[in-house]
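Student: First the structure, which I've put down as structure tokens, then a few questions once you've had a look.
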Amino acid sequence: MKSMERVLTSLSFIEPDRVPLFLLFTMHGAKELKISIQEYFSKSESVVEGQLLLRQKYEHDCYYSFYYAAIETEAFGGEVIYQEDGPPNAGKPIFTKETGWKIAKETIAKIGGLVAVHFASGISNPIIENTIMSGASIVGVSFLDSLEDIKILSYQKASILGNLDGIKMASWTEDEAEENVKRTIQKVGEGGGFILSDNHGEIPYQVPNFVLQKISDSVKKWGRYPLQIN
């Protein structure tokens, strides 16, 4: 299967050829191009090239168009603080905004397509029902969430995106990377409705290439349907 077919099949709660894998790279393209993070984000052409190289390298199933959270503040004249080995952060906030699932529901209804809701490592269990009620098709979940509980509540309503621990990922061995992929897939991969990814929506810059490669290889090994469930 091609990536689009694989993902849409899983989102239909049907088992594709293997579990889809989303490696949500923001900064790793700078590594591939051997330039600084600030220089990388200064040109859209660099980001496009980085995404193309990363998908070719790790053979995962998505391109990730997200830049960095502080870009929203920057658009309104706010300051962006760049790091050598981490995501750009916002300086002093210039405005605040409150929202909730009711506003999300109104917004999602106007989009007219599949919408993913992500809480950037925030725990989803207590609000999963409200998230589903908002009309979200995909929910990004934390490594602190109970995947089994969320699968029970969301199956046939919303698909799960997650939930590898991006912080611990930076120090994983190859064996630990494979074990985490295997365990996560075996928890909630059966029956589709699942995309394997990190739990934050951004893989830390410090995660080494050999770990990312092992994650990709392990999905091909343990994510083939029918799954090998112990």
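The numbers here are math on the coordinates, done by the rules we state, and not lab data. Please read all numbers here as calculations on a predicted model, not as lab measurements. Quick reminder, even Gly has a Cβ in these numbers, built from the backbone with ideal geometry, and neighbours come from all protein chains shown.
Student: At what distance in nm do the modelled label points of residue 221 and residue 79 sit from each other, each positioned 7 Å from its Cα along Cα→Cβ?
Tutor: 4.8
Student: Which shape class applies to region 81-217: rounded if a/c is under 1.5, otherwise prolate when a/b exceeds b/c and oblate if not, where a ≥ b ≥ c are the square roots of the Cα gyration tensor eigenvalues? List each step's numbers first, then the result.
Tutor: Values: a/c = 2.35, a/b = 1.16, b/c = 2.02.
Oblate shape, in that a/c is at least 1.5 and b/c is the bigger or equal ratio.
Student: Got a sec? Which residues in region 150-178 would a label at residue 12 touch, if it sits 7 Å along Cα→Cβ and we count backbone N under 19 Å?
Tutor: Those under the cut-off are 155-160.
Student: Where a Cα-Cα gap under 16 Å defines reach, which lysines qualify for residue 157, not counting those fewer than 8 residues away within the same chain?
Tutor: Leaving aside lysines fewer than 8 places away in the same chain, those within reach of residue 157 are 105.
Student: Could you pull out the pairs from 182/221; 43/110; 187/221; 151/187; 2/57 whose alpha carbons sit more than 19 Å apart here?
Tutor: Distance filter (> 19 Å) returns 43/110.
Student: Ordered by packing density, taken as the mean number of other Cβ atoms within 10 Å over each peptide's residues, highest first, how do 19-26, 114-121, 168-175 rank?
Tutor: In decreasing order of mean packing, 19-26, 114-121, 168-175 become 19-26, 114-121, 168-175.
Student: Compute the separation of the alpha-carbon centres of region 128-195 and region 1-68 and state it in Å as a whole number.
Tutor: Measuring centre to centre over Cα atoms gives 18 Å.
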